[in-house]
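The values are calculated or read from the model by the stated rules, or taken from the named source; none is laboratory data. Small disclaimer: the values here were computed from a predicted structure and weren't measured. Positions of Cβ are backbone-derived with ideal geometry, glycine not excepted, and every protein chain shown enters the neighbour counts. With ligands, DNA and RNA removed, areas are computed over all heavy atoms of the protein, side chains included. Shrake-Rupley method; radii C 1.70, N 1.55, O 1.52, S 1.80 Å.
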Amino acid sequence: AQKWDGVVHKWNITTKTWSDLPALNPLPRYRNSAIAYFPELGHLVLVNAERGVLFFNDSTGQWQTIAAAGLPGLDTNGLLAVYNAVTQTVLITGYGSPIHYRLDASGTITRMQDAPVKLGISCSTVVPDPVSGKYLVVSGNICGGNSATAYAFHEYDIMADTWRLLWQTGQPNV
């Protein structure tokens, strides 16, 4: 198995070339990380269970820690970071957990109320609606859900921190 060397590669669309950002030092023991670009901040956001939340600052060429250590309640595997252009936020969550956080354009990280479903890679698909800014969340029983409500479709308003069930197994198709 290959090991991550701590280097994030950057693609320059204009010059069509790759370059390397400085390696994370020290290298985290938990190599699973989530990455999202946050244009309003002008930073690449990296979430790592051990190292916390870091920004790569293009102007200084350095990694900057904004939340030391891991975010409480997030698993070391299956981290997810999803940027939303409408709300100018990043939703951060971990594998198989209802725990999630909001990173806003001021760089503030806020723990939100627990989701009604398990979030993270392999547990759900999370995408922002490009018109309303609400996150659309499709979840399944791959993370050990109960067969009566194994599949569900929710809408999540990250600004109001409210969840709305749109459909679940056993309901008629809309």
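If you check LEU21 against the conditions, is it at pLDDT below 80 and either surrounded by fewer than 18 Cβ atoms within 10 Å (Cβ to Cβ) or out of contact with any strand residue (DSSP E or B) (no Cβ under 7 Å at 6 or more places or on another chain) (or both)? Spelling it out, it is not the case that LEU21 is at pLDDT below 80 and either surrounded by fewer than 18 Cβ atoms within 10 Å (Cβ to Cβ) or out of contact with any strand residue (DSSP E or B) (no Cβ under 7 Å at 6 or more places or on another chain) (or both). The requirement of being over 15 Å from PRO39 (Cα atoms) and surrounded by fewer than 18 Cβ atoms within 10 Å (Cβ to Cβ) is satisfied by ALA68.
Scanning segment 79-99 for residues that are farther than 12 Å from VAL126 by Cα and without any contact (Cβ under 8 Å) to a residue 40 or more places away in the chain gives SER97, PRO98, ILE99. Taken over segment 126-174, the criterion of being touching a helix residue (DSSP H, G or I) at 6+ places or on another chain (Cβ under 6 Å) and either open to solvent by 60 Å² or more (accessible area, probe 1.4 Å) or at pLDDT 95 or above (or both) is satisfied by no residue.
For segment 78-125: of the residues being more than 18 Å from LEU46 (Cβ to Cβ) and aliphatic (A, V, I, L, M), which is surrounded by the most Cβ atoms within 10 Å (Cβ to Cβ)? Give the steps one after another, and end with the answer.
Of all residues in segment 78-125, those more than 18 Å from LEU46 (Cβ to Cβ) come to 85-88, 96-99, 106, 110-119, 122-125.
Retained after the next criterion (residues that are aliphatic (A, V, I, L, M)): 85-86, 99, 112, 115, 117, 119.
Numbers: ALA85: 12, VAL86: 14, ILE99: 21, MET112: 18, ALA115: 21, VAL117: 23, LEU119: 29.
Taking the candidates together, the pick is LEU119.
Only strands (runs of 3 or more DSSP E) whose full extent lies in segment 53-128 are considered here, and the ones with at least 3 residues that are under 24 Å from VAL7 (Cβ atoms) are 62-68, 80-84. Within segment 37-57, not a single residue is in contact with a strand residue (DSSP E or B) (Cβ under 8 Å, 6 or more places away or on another chain), at pLDDT below 90 and open to solvent by 60 Å² or more (accessible area, probe 1.4 Å).
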